[in-house]
1. Name the pairs whose Cβ atoms lie under 8 Å apart, with the first residue in segment 145-166 and part of a helix (DSSP H, G or I), the second among the charged types (D, E, K, R), and 6 or more positions between them or separate chains?
2. For residue 283, indicate whether it is of a type in the set (Val, Ile, Thr), in contact with a strand residue (DSSP E or B) (Cβ under 9 Å, 6 or more places away or on another chain) and either assigned to a helix (DSSP H, G or I) or at negative phi (or both).
3. Restricting to segment 135-170, and then to whatever is surrounded by 15 or more Cβ atoms within 10 Å (Cβ to Cβ) and among the β-branched types (Val, Ile, Thr), can you tell me which residue is nearest to residue 31 (Cα to Cα)?
4. Report yes if residue 172 is under 27 Å from residue 263 (Cβ atoms) and either free of Cβ contacts under 8 Å to residues at least 24 places away in the same chain or in contact with a Cys (Cβ under 9 Å, 6 or more places away or on another chain) (or both), otherwise no.
5. Considering only segment 25-134, give the helices (runs of 4 or more DSSP H) lying wholly within it that have at least 3 residues that are buried (at least 20 other Cβ atoms within 10 Å of the Cβ) and within 9 Å of the ligand (Cβ to nearest atom).
6. More than 17 Å from residue 43 (Cα to Cα) and either assigned to a loop (DSSP other than H, G, I, E, B) or touching a helix residue (DSSP H, G or I) at 6+ places or on another chain (Cβ under 9 Å) (or both), is that true of residue 268?
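No value in this document is a laboratory result; all are computed from the given coordinates. Here the structure is a predicted model, which is why all the values come from computation and not from measurement. Cβ placement follows ideal geometry from the backbone for every residue including glycine, while neighbour counts extend to all protein chains displayed.
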Amino acid sequence: MSTTTQAPKQLDPAASLHAETLGLAKGRGRLEGRRIIVVGAGQRNIIDAEPPVGNGRAMSVLFAREGAHVACIDISKEAADDTVRQITSEGGRAFTDVVDVSDIAAIAPAIARCAKQLGGLDGLALNVGISCGLSLPKMTAEAWDRDYAVNVRSHMLFAQAALDVMSPGGAITLTSSMASQRANGRNPAYESSKAAQIALGRAIARAGEEKGIRCNVIAPGFIDSPMGRDASRRRADRALTVPFGRQGTGWEVAYAALFLISNESSYVNAYTLFLDAGHMAGIVRT
Ligand SMILES: NC(=O)c1ccc[n+]([C@@H]2O[C@H](COP(=O)([O-])OP(=O)(O)OC[C@H]3O[C@@H](n4cnc5c(N)ncnc54)[C@H](O)[C@@H]3O)[C@@H](O)[C@H]2O)c1
């Protein structure tokens with residue numbers, strides 16, 4: 001038996017790159033007239049000559065490109081304003097609303113404010129997520145609670161408030177992670193809070209049924225968002241074995257969210273869509 005470790009075989013990612021993958025496809029009116037709130041609609045700043053698009057920004061831009069009026073909620077005014085600028089530069093409609101989602105008292109008023117400005121509410125995309133990155137031996141109660149306040153409690157409070165005002169037939173999405181199923185990252189607060197989101201998504205779907213409101217969860221694998229690029233810098237072996245020889249893009253996450261928030265998925269409910277190019281199914285470079 002050989003003891004030498006070989007680097008994974010490299011693939012040319014070009015074969016799996018499409019206009020949609022890169023956010024270059026034209027809108028097709030898939031959300032015409034819809035009023036949607038995106039929570040975590042900005043993106044974190046990283047030091048990079050060409051920072052990639054984040055999941056929340058890609059969702060906001062894509063929803064607007066497809067005809068929705070979008071409320072961009074974020075703790076960072078600057079980050080949300082950048083998203084709004086990108087949308088309006090394409091001729092879309094959007095506005096910023098600044099909220100720290102760990103502030104319990106701020107959430108219901110934010111939903112009420114945004115729904116009023118939008119003239120109603122048809123969709124809610126819960127994208128915000130943080131990670132303290134602490135392993136179990138180093139975990140603190142404060143860091144644990146902070147991840148849970150943002151990743152789980154805020155989603156529950158946003159959904160609770162949104163269900164009251166959302167029009168019948170609306171849709172909600174949550175952004176979980178492949179980390180909900182795996183301990184590779186030694187990141188238990190993140191991993192378990194992402195697993196909790198999957199159960200919460202089912203509970204929201206249960207609560208929404210009377211109004212015909214659906215709730216589904218997207219669980220991305222390795223995505224080259226600012227968050228993913230930062231994580232890959234910290235752990236160089238993080239995503240070496242990914243399918244197609246590349247990580248996913250924020251646009252690919254956004255297209256999954258677009259399907260789930262649009263009426264095209266009208267009979268898809270309480271479902272978790274793993275967006276990992278088959279990684280968890282064993283499509284892994286060796
Ligand atoms: N990148 C990956 O590899 C990957 C993989 C799986 C899942 N995800 C999930 O995708 C989601 C985030 O993706 P992204 O690319 O948009 O990340 P991002 O970090 O670039 O953006 C998140 C946004 O949330 C905002 N935010 C942070 N804390 C907040 C708070 N307390 N209140 C309000 N806003 C706050 C930030 O300002 C930022 O604009 C997360 O839920 C993450 O868990 C990412």
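1. Pairs that qualify, where the first residue is part of a helix (DSSP H, G or I) and the partner is among the charged types (D, E, K, R), are 151/194; 163/211.
2. On the way: of a type in the set (Val, Ile, Thr): yes; in contact with a strand residue (DSSP E or B) (Cβ under 9 Å, 6 or more places away or on another chain): no; either assigned to a helix (DSSP H, G or I) or at negative phi (or both): yes.
No: the conditions fail for residue 283.
3. We begin by selecting, within segment 135-170, every residue surrounded by 15 or more Cβ atoms within 10 Å (Cβ to Cβ); these are 139, 143-144, 146-159, 161-163, 165-167, 170.
Right, trim to among the β-branched types (Val, Ile, Thr) and you get 150, 152, 165.
Working: 150: 28, 152: 27, 165: 19 Å.
Filtering first and then ranking leaves 165.
4. Working: under 27 Å from residue 263 (Cβ atoms): yes; either free of Cβ contacts under 8 Å to residues at least 24 places away in the same chain or in contact with a Cys (Cβ under 9 Å, 6 or more places away or on another chain) (or both): yes.
Considered against the rule, which asks whether it is under 27 Å from residue 263 (Cβ atoms) and either free of Cβ contacts under 8 Å to residues at least 24 places away in the same chain or in contact with a Cys (Cβ under 9 Å, 6 or more places away or on another chain) (or both), residue 172 comes out as yes.
5. Working: elements: 55-65, 77-89, 104-118.
Qualifying helices (runs of 4 or more DSSP H): 55-65, 77-89.
6. Numbers: more than 17 Å from residue 43 (Cα to Cα): yes; either assigned to a loop (DSSP other than H, G, I, E, B) or touching a helix residue (DSSP H, G or I) at 6+ places or on another chain (Cβ under 9 Å) (or both): yes.
Answer is yes for this residue.
Residue by residue, here is whether (1) more than 23 Å from residue 58 (Cβ to Cβ); (2) assigned to a loop (DSSP other than H, G, I, E, B) holds:
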residue: 184; (1), (2): yes, yes
residue: 189; (1), (2): yes, no
residue: 195; (1), (2): yes, no
residue: 203; (1), (2): yes, no
residue: 207; (1), (2): yes, no
residue: 216; (1), (2): no, no
residue: 236; (1), (2): yes, yes
residue: 240; (1), (2): yes, yes
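Listed here are the residues, each with its yes/no results for (1) among the small types (Gly, Ala, Ser); (2) more than 16 Å from the ligand (Cβ to nearest atom).
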residue	(1), (2)
136	no, yes
149	yes, no
174	no, no
185	yes, no
200	no, no
231	yes, no
236	yes, no
